[in-house]
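Inspection log for the structure reproduced underneath, given as structure tokens.
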Amino acid sequence: MRLRNIPGADAVIENSPYVIKEAEKTRGLWKELFGNDHPIHVEIGMGKGRFLMTMAEQNPDINYIGIERYTSVLLRAVQKIEEKPLPNLVFLCIEAADIELVFGEQEIDKIYLNFSDPWPKDRHAQRRLPSARFLARFDHVLKKEGDLEFKTDNRGLFDFAVSELEPAGWKARVITYDLHADKELCRGNVMTEYEEKFSAKGNPICKYIIYR
Ligand code: SAM
């Protein structure tokens, strides 16, 4: 994602009620924050938030939390939710490596990774969100029976992600190398900004659903 430093973005994020600040204080208390017992689904690396906005609208009985580390990117999601408030969606402007500081053990029911940054250099492999290092973090915060779903058009990243599963103790429930060609798997698929852009160029979309 091309990043621009957008003047005023930090202040908008700081003042938005949709972005939870000092989220360490909400660790273990997310159900209280939403004021209900509904399942909690988290997208990590949410970008401008189209996927989450659609999911939250379609599924009012699920609480959604989006994680994005850059204010300049999160700004767009905040502007959208201010136009169309949703009671079951909030955002966190944090680095995903800190996820265990803001969620308690098994507090999350489902995790989504959509079009995660590929970090193509070998020496940066541990920064990839579907790496074994990140899966170990997700293992703590995701319920034992919870699934993690990952979509990307980057075949190299996807092959890496699949190769990380077994050593990290995860198993694939579903693997496809062309999601949009699979009617069954594609039913109810909500497109992300990146998915729309890259599938329009003819790139096949890879997806897995994993569990432990
Ligand atoms: N999920 C969106 C989509 O599919 O359209 C955005 C994809 S974009 C390629 C990846 C996003 O993840 C970027 O906005 C980036 O800033 C964010 N991101 C990448 N690594 C992250 C991390 N470690 N912590 C938080 N956000 C991260």
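The values are calculated or read from the model by the stated rules, or taken from the named source; none is laboratory data. Only a predicted model underlies this, so the values are computations on that prediction, with no experimental measurement involved. Cβ atoms come from the backbone with ideal geometry, glycine included; neighbour counts cover every protein chain shown. The accessibility values were calculated without ligands, DNA or RNA, using every heavy atom of the protein model including side chains. Shrake-Rupley method; radii C 1.70, N 1.55, O 1.52, S 1.80 Å.
When residues in the range 138-154 are screened for being assigned to a helix (DSSP H, G or I) and not acidic (Asp, Glu), 3 of them pass.
Looking only at residues that are in a strand (DSSP E or B) and among the aliphatic types (A, V, I, L, M) in the range 35-69, which one is nearest to the chain's Cα centre (by Cα)?
The residue in question is 44.
The criterion of being open to solvent by 70 Å² or more (accessible area, probe 1.4 Å) and within 16 Å of the ligand (Cβ to nearest atom) does not hold for residue 171. How many of the residues in the range 35-92 are without any contact (Cβ under 8 Å) to a residue 60 or more places away in the chain, open to solvent by 50 Å² or more (accessible area, probe 1.4 Å), of a type in the set (D, E, K, R) and under 18 Å from residue 17 (Cα atoms)? Residues meeting the conditions: 4. The residues on offer are 135, 129, 113, 157, and the sole one that is touching a residue at least 60 places away in the same chain (Cβ under 8 Å), within 14 Å of the ligand (Cβ to nearest atom) and not in a strand (DSSP E or B) is 129.
Kindly indicate whether residue 194 is within 24 Å of residue 124 (Cα to Cα), part of a helix (DSSP H, G or I) and within 16 Å of the ligand (Cβ to nearest atom).
So residue 194 passes the test.
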